[in-house]
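Peer 1: Handing you this structure, nothing more for now.
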């Protein structure tokens, strides 16, 4: 696509290949390619798929017609990008094995990915993204941090059983996972002991609740203003999301809780900035065009305030 900012294939390759292993947004809301920045998608009302019409057909009549519940909606991807100015002196003094522009792209892409992680968490850990009947807000002794009184196995199992399509993915914040993996009832189910001590793995939690995957959000975000001492908060809060994920779904076919529309690939490039500094410099840019969407609220269940 023609653009005034020059796209560099080498730097773009770094931006596309770079991935922060601690982030889970791409697994929670998988990326789906769209042909244009503005695109159409289907938002589903899955109850229609489970409402049984009269299927009898008379000898000379026609079968009943049904219409499946989906609404065509329009959305647009949004551009997210950052720049980094590299003085020419930094480039001139770099050693042979250093790539100042490539390193800048990696750092910029890391922040772009963190921004996406924050947006995804704000969508997935938001009660408005779920059907009203699929929200359970815990408090007091029902919270999983109360080891003496809470019963996470019952609460999670009942949530899964109540869903119109059973979830296959659990997403939870690191603090919730730490509490849940040491809960006496969970440990007892794993070790077969009293549950007084021990810890379980994500794989066991997936097997216990018959899930394909358990995703744990561990990233942090500095919420302090520039110049102040950093205050690092968890990106993923004290909640649990149970969702049905179809990795093959796209804007036209397949039913899934949500996805991320992506227009083209990530881009990266550089251009001279001769007026910056004494000897000029190079402006490096990295970015992407995406939109995080929930398209089937019925395919998710939200356990809010899972721990105190």
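Peer 1: Which of 115, 241, 61 ends up with the largest GNM mean-square fluctuation for the chain, with Cα atoms connected below 10 Å?
Peer 2: Largest GNM mean-square fluctuation: 61.
Peer 1: Just grab the label-to-label distance for residue 98 and residue 178, each label 7 Å out from Cα along the Cβ direction, in nm (one decimal).
Peer 2: Rounded to a tenth, the inter-label distance reads 3.7 nm.
Peer 1: Another one. Considering the chain as a Gaussian network with a 10 Å cut-off on Cα pairs, which listed residue, 238, 40, 276, attains the greatest mean-square fluctuation?
Peer 2: With Cα springs under 10 Å in the chain, the top fluctuation among 238, 40, 276 is at 276.
Peer 1: Then there is this: Stretched out fully, how many nm does the piece from residue 76 to residue 147 gain, at 0.36 nm a residue minus the Cα gap?
Peer 2: Numbers: separation 71, 0.36 × 71 = 25.56 nm, distance 4.52 nm.
Contour length minus the Cα-Cα distance gives 21.0 nm.
Peer 1: A follow-up question, please. Per residue of the chain, what 222 nm ellipticity follows from adding -39500 (n - 2.57) for every DSSP H run with n ≥ 4, rounded to the nearest 500?
Peer 2: One gets -7000 deg cm²/dmol as the mean residue ellipticity at 222 nm.
Peer 1: Among 266, 56, what is the fewest-to-most ranking by other Cβ atoms within 10 Å? Mind showing how you got there, number by number?
Peer 2: Working: 266 23, 56 8.
Final ranking by Cβ density, sparse to dense: 56, 266.
Peer 1: Okay, next question. What FRET efficiency would be calculated for the residue pair residue 224, residue 264, taking the C-beta separation as r and a Förster radius of 51 Å, to the nearest 0.05? Spell out each step's value before the answer.
Peer 2: On the way: r = 34 Å, r/R0 = 0.68.
The formula returns an efficiency of 0.90 here.
Peer 1: At 7 Å along Cα-to-Cβ for each site, give me the label-to-label distance between residue 196 and residue 54 in nm.
Peer 2: 6.7 nm
Peer 1: In addition: If you rank 257, 144 by fewest surrounding Cβ atoms within 10 Å, what's the result? Each step should come with its number before you reach the end.
Peer 2: Numbers: 257 30, 144 26.
In increasing order of surrounding Cβ atoms, one gets 144, 257.
Peer 1: What ranking of 285, 119 emerges when the number of other C-beta atoms within 10 Å of each C-beta is taken as an exposure proxy, fewest first? Could the numbers behind the result be given before it?
Peer 2: On the way: 285 22, 119 19.
With the sparsest Cβ surroundings first, the list reads 119, 285.
Peer 1: Provide the gained length on full extension for the span residue 252 to residue 111, in nm with one decimal, where the gain is 0.36 nm per separating residue minus the Cα-Cα distance.
Peer 2: Values: separation 141, 0.36 × 141 = 50.76 nm, distance 3.09 nm.
Between residue 252 and residue 111, full extension yields an extra 47.7 nm.
Peer 1: Next question, about the same structure. I need the calculated FRET efficiency for the pair residue 61 and residue 10, taking r as the beta carbon distance and R₀ as 51 Å, to the nearest 0.05. Mind showing how you got there, number by number?
Peer 2: Details: r = 66 Å, r/R0 = 1.30.
Efficiency for this residue pair is about 0.15.
Peer 1: Please give, to one decimal in nm, the separation of the simple spin-label points placed at residue 40 and residue 83, each 7 Å out from Cα toward the Cβ.
Peer 2: Result for the modelled spin labels: 3.8 nm.
Peer 1: Over all pairs of distinct alpha carbons, what does the Kirkwood formula give as the hydrodynamic radius of the chain, in Å? Write out the running numbers ahead of the final one.
Peer 2: Working: mean 1/r = 0.0448 Å⁻¹.
Kirkwood radius, the chain: 22.3 Å.
Quick note: the coordinates plus some simple rules give every number you see, no bench work behind them. Since this is a predicted model, take the numbers as computed values, not measurements. With ideal geometry, Cβ positions are generated from the backbone for all residues, glycine too; neighbour counts draw on all protein chains shown.
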